[in-house]
Every structure is written in structure tokens, then in C-alpha cells.
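Worksheet: one structure, shown below.
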Amino acid sequence: MYFNKKVIQLAIIVMLLATMVVGCGSNGDSDTSSNPSNIEDSTNKEEIVYVNFRDIRDLNPHIYSGELFAQNLLFEGLVMMTDEGVKPWLAKDWKISEDGLTYIFYLREGVEFSDGYKFDAHAVEANIQAIYDNYDRHGWLESIRLLEDFGATDEYTFEMTLKEPYYPLLIELAVTRPFRFISPNCFIDGTTKDGVDGLNGTGKYVLTENHIDEYAVFDVNESYWGDKPEINRIIAKVMPDNQTRALALERGEIDIIYGTNMIDAETFIRFSEMDGFETSLSDPLATRMLIMNSTDEILSDGNIRQAINAAVNREEISEGIFYGLEAPADRLLASTVPYCDVELEGYIYSLDKANGLLEEAGWQTGTNGIREKDGNPLEIQMHYNADSVTERMISEYLQNELLKVGIKLNITGEEEQSYRDRMKSGDFSITFNISWGTPYDPHSFLGGMRMPAVYGDYAAQQGLEEVEKLHDTILQAFITVDEIERQEYYDYILTYLHEEAVYVPLTYERNRAIYNEKVKNVTFNPSQYEVPLEKMHLE
């Protein structure tokens, strides 16, 4: 809690500002000239200062532009994902037909959006329709593609019918977007695909201030239908630089840094040894990997892809770059992921094997140590996100390592958006990739492979002989209601991808947090993209 001599006057100003943004006419996205010291003065019992590397951006829950931690504070869905699986949320119960085609949700009564709009089955129908209106944006989601019909059958009952069964439906309804609900008062021209006129959800918090690229303020939703969180105010500061964030935590300017991309391993270890601070590490969540384009002139040869996998020392990457925080990954998805306990011979580090495969592929060592074939050098381009210190370090390490087997790896860092655009367009030879993590793996990660321009997977797989069969089998795994049959489909998918070696798994990523010791109950949700600030409290 922070006070100064003007606390009473400033508290009144804050209260007045809060009342001004309750209606849907405000997005909470003002970039006013109000004194930033406002965030240091509060009459709330408990507030926490969180930090993010960028602004919260567009928090429309039906699109993918906003920061997930912020959307998760404001908006709720029918069901939620927990460590024990899918649990009730705004739907207090549900029923699934035996054929797996019809889902009936029985909604919680007495819930209102933060603008006072009544939450009921008609509000759910309006939101699902708004999402469906933007089909081209969401068409990669099987739950959208397979949606046959939906609607309110009475005031608190909502029904969805699918064209085919789809076992991950509840999981996709549980994750942060796009199936979260916003007050229909905030729709523009009856929908949300062209934006929203406000950010009123049913969540535990409301956005009361946003000073673009500086900080945002979330206050507890006083009309929340359930138990209110102990943290009354969350201040989310924007600090793009890793060292700046760490220094701010050390000085007491912020309370917590949270997330895999927010804390490098060295900083995590340093704070774990410092008095006055605590650290937390999640269970393994996702696979950090490289992806190789099978349409590339050199990488179209499976022996080259297998050789690169054999030339990567995952143990050294785990220990040297991640200080042991991320375990080595010898397969695409860990055997602990649902349906992924498949019998595979994991990739092993062996320069002898790598050299043998390259010789078999016709690449001979040249006078300068770089292999050649038909007068051409074995030279491959690799791109990485220049904003990621970790990706740069791995790239530089691999550049040196692959020289040991005669591969010249040229590395180029790009600004994040350019890097992502390149990946989606398939304009790469080797680039970084990551599985979607819990609870999205395996279905969302594999499902995205079937659609162009989701990530780089679709483009990278186009040179594979059985690519059509692969993508069809992924769909069959989703729509079958037979568990044995579904496992057989996954067996084929994972075995084929492993043998074709399009992916180079590196480590199993773990979420992490460093924080002032006064912050208690720092936990991790199944999704690494959510930050359970609402569960925390101060001591």
C-alpha cells in the first residue's frame, strides 16, 4: 500500500474516474495526462503491482490481439480449466448426448455483466453468434468449423449442436479466448468482429484506467457474483526490458514478474538466492522446439533433418542456457500429455550418427570444413525472434554446434511481428516453434497444423509424402467417439512426425515467477498464458 500527503484528494479523484468508466461508452483505453503517481496511492486494502512486457492492447475477448492475463481478469466462460479437468463456471452443469453431437448447458442465475446487463442464455447466444460472425478469423478452430446450430432454449439453458463429434470442445470453451462473454451493450452494430464499445464482462475485475504503454489499473468488480478476490487492485505496468523489470522488482517498484518470456533462467536463479524474494516453477507445460521446412531445397531430405536432430545436444541446452530449469526434450510432445504416451525411440545426441546420415545423403566434407554436394555448400538459414534473448542464445549455440558436422547455419534475428509473419507465410528454412502447452496440447497444436497461416506447421509439412493422410488422421482423432480408435490415430500422427523429423524438440518449457516475499499463493493455471492474480494475496 502506498500513501503520500495528498492521499485523500487523490482517492476522491480515483473514485470519480472509476464511476466515469462504468458504462459501455468507455473502453478503459484512455491515454490521459493524469499523473502516474495515481497508481501509488490507493485506499484499497490490498493491491499488487504486476509487470508486462507490452501494453494490454485490444481486450475484445473474441479476437486474439489483447493480453491474455488481462482478458482473463475481465471475462468468463461457460466452463473453466483446472488441474482436475474441466469444471463449471458460468454454466453450473452440462449434458452431452451419447452421439457426442449435442451439448446442453445449464447456466448460473443471478449473474450480471459489470454494466448491469443480465447474463442469461440469450447473452450467451449473442456472444457465440458474434464469434461465429468472424468465422474467417476463427475457422482454424475445429469447434467453430463443426458448429451446426446453437441457441437459447429457455432463459438459462443454452444448446450447441455439432456436425460431427469433437471431444476437445469443452477444453476450447474453457480457454481464455475466443469463447468468453462480453456485455451485448458493448457490441458494435450487433457484433464484435469490428471492435467493441466497452469491456464489460462478468469477471472478478474491471478495467478502470489504461495509459497506453505505461500502465493499466484493474479494480475488483464490486458486483461480482461469486467470492471476491483479496487483491482489490491490480496495477499492470509496462516494462519491455528484462533487466529493467528485474531491477524494478529488486527496488520494490513492482511486486511480481510472471511468465516464461518474462524471466530468463539466470534472473530466476539469482532471485531464488536473494533475501526478501520468492520463486515458483510450474510443472512442464509445452515443448520448446525448432521447425524445419520440408519444402526447402536442402531440408526436403529426411536424412538432413534426422542429422540435425542428432547433432543437437539437448542436455547442454538444458543445463547451459536454462540452468536445468527446462528438461531436455527428446520427442515432439512429452509422454505425460494426453494420448502422447507413444512408443518412440527418442532423439539422442550423436555426432557419429549425424555425420553418417549426411554422408549417406551425399554431402562430403569440403576443404573449409563445410560439407558440399554438387559444388554447393551445406548452408542453411535460421530465423529467430530478436526480442527473445533465449532464442538468440540458442541460435548462437546451434550455429557453433552444427559446424562440428559440417553444416553452416546462418542466423538472423527479426522484429517479432516480421518474424511471425515469415513463419505463417512459410518463408523460412529453420525457425523456432513451441507446442501450445496445457491444456491446448495435443489437439489445438495438432489441429493448427491442418490450417495455413496459423503458425509455420502447415507450410513446413507440405514437402512430406503423407501430409494429406497426416492432416486427415488428425481430424479423425478429433471426431471419433471411440477411445481406442482415437489412441491409434494419435499413435500414427506422433510416430510419423517423429520419423520425418520436421521438428527439433529442445526442452520442455516450464512457467516461472519471481516475486516479493509479501506476495502469497502464487500458483500456476493449466494454461501458461493465464496469470492467476485473483488467487494471490499479500501478507
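FYI, it's all coordinate maths here, none of it is from the lab. On a predicted model such as this, the values are computed, not experimentally measured, just so you know. As a convention, Cβ positions derive from the backbone with ideal geometry for all residues, glycine included, and neighbour counts pool all protein chains shown.
Structure above, values below:
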{"item": "For peptides 489-501, 299-311, sequence by mean Cβ density within 10 Å, most packed first", "result": "299-311, 489-501"}
{"item": "Shape category assigned to the stretch 303-432 from the gyration tensor of Cα positions, a/c cut at 1.5", "result": "oblate"}
{"item": "Candidates per GluC sites (Glu not before Pro) in the stretch 431-487, loop by DSSP, up to 13 other Cβ within 10 Å", "result": "E465, E466"}
{"item": "Kirkwood Rh, angstrom, the stretch 79-196 [1 / mean 1/r, Cα pairs]", "result": "14.7"}
{"item": "Which of G276, Q71, L332, positive extreme of dipole for the chain (C-beta unit charges)", "result": "G276"}
{"item": "Ellipticity estimate at 222 nm from DSSP helix runs (n ≥ 4, -39,500 (n - 2.57)) divided over the chain, nearest 500", "result": "-8000 deg cm²/dmol"}
{"item": "Global geometry of the stretch 134-257, whether rounded, prolate or oblate, following the gyration tensor of its Cα atoms and the 1.5 cut on a/c", "result": "prolate"}
{"item": "Rounded, prolate or oblate (a/c below 1.5 giving rounded, otherwise prolate when a/b exceeds b/c) for the stretch 178-319 by Cα gyration tensor", "result": "oblate"}
{"item": "Relative packing of peptides 421-430, 526-535 - highest average C-beta neighbours within 10 Å first", "result": "526-535, 421-430"}
{"item": "Over the stretch 350-443, relative contact order from alpha-carbon pairs under 8 Å, at least 6 apart, %", "result": "28"}
{"item": "Neighbour net charge for I188 - beta-carbon separation under 12 angstrom, K R +1, D E -1", "result": "-3"}
{"item": "Taking V454, V504 and counting other C-beta atoms within 10 Å, the order from fewest to most", "result": "V454, V504"}
{"item": "Principal axes of the stretch 284-510: Cα extent on each, largest first, Å", "result": "59, 36, 32"}
{"item": "Per-selection Kirkwood Rh - the stretch 185-264 (Cα, Å, 1 d.p.)", "result": "15.1"}
{"item": "Distance between the stretch 378-450 and the stretch 146-197 - C-alpha centres, whole angstrom", "result": "34"}
{"item": "Student exercise, the chain dipole from Lys, Arg, Asp, Glu Cβ charges, in Debye to nearest 20", "result": "1100"}
{"item": "Relative contact order %, the stretch 79-196, counting alpha carbon pairs below 8 Å whose residues are six or more apart", "result": "29"}
{"item": "Relative packing of 441-447, 240-246, which averages over residues the other C-beta atoms within 10 Å, highest first", "result": "441-447, 240-246"}
{"item": "Local electrostatic count at N309 - Lys and Arg +1, Asp and Glu -1, tallied over other residues with Cβ under 15 Å", "result": "-4"}
{"item": "Residues M451, M536, M239, sorted so that the one with the fewest Cβ neighbours within 10 Å comes first", "result": "M451, M239, M536"}
{"item": "Sequence-separation-based contact order of the chain, relative, with Cα cut under 8 Å and 6+ spacing, percent", "result": "19"}
